[in-house]
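Here the structure comes first, spelled out in structure tokens, and everything after it is commentary.
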């Protein structure tokens, strides 16, 4: 196993442990969490036992059930970090199935309100979120490369490099990368 696989496996293990801890902190059974998130009991069990890697869709549903952002979940699995976050130290999480990867550029911190991530979608990739982890979550998305079609609360938007879309999440959202160029963007969350 190469070092990238070891890092990915280590992140998946820490995610599974944190997911189990979040559920147990709330006193929820797997069935309780399943009904709150729409994720099957079997999938939840396999995730918590690190038998499978979570997809962006599943993590989105779980974060919604817990009322936290995906970046906050990633922070909860990381050790404390210094104010300076070099590129090489930024956590990368990949969902190979959906063609989505995210780099946590500026991880959440207790003393800071915002966070930043770099999202990358392969050509034609699509991610759908049924709802925000927290109603009114503020996003500022800047497209760096490619093309991106975003639907937020039923309103469609097409972004080109350099465009910024600012919104507050209250309902479902969908991200669809350009069919040939894919998409690379920065997302600032408050």
Looking at segment 54-72, which of the residues that are surrounded by fewer than 21 Cβ atoms within 10 Å (Cβ to Cβ) and assigned to a loop (DSSP other than H, G, I, E, B) is farthest from the chain's Cα centre (by Cα)? 67
Among the residues of segment 1-52, which ones are in a loop (DSSP other than H, G, I, E, B), more than 25 Å from residue 96 (Cα to Cα) and modelled with pLDDT of 90 or more? 28, 29
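The values are calculated or read from the model by the stated rules, or taken from the named source; none is laboratory data. Keep in mind that this is a model prediction, so the values were computed, not measured. Every residue, glycine among them, receives a Cβ derived from its backbone with ideal geometry; neighbour counts consider all protein chains shown.
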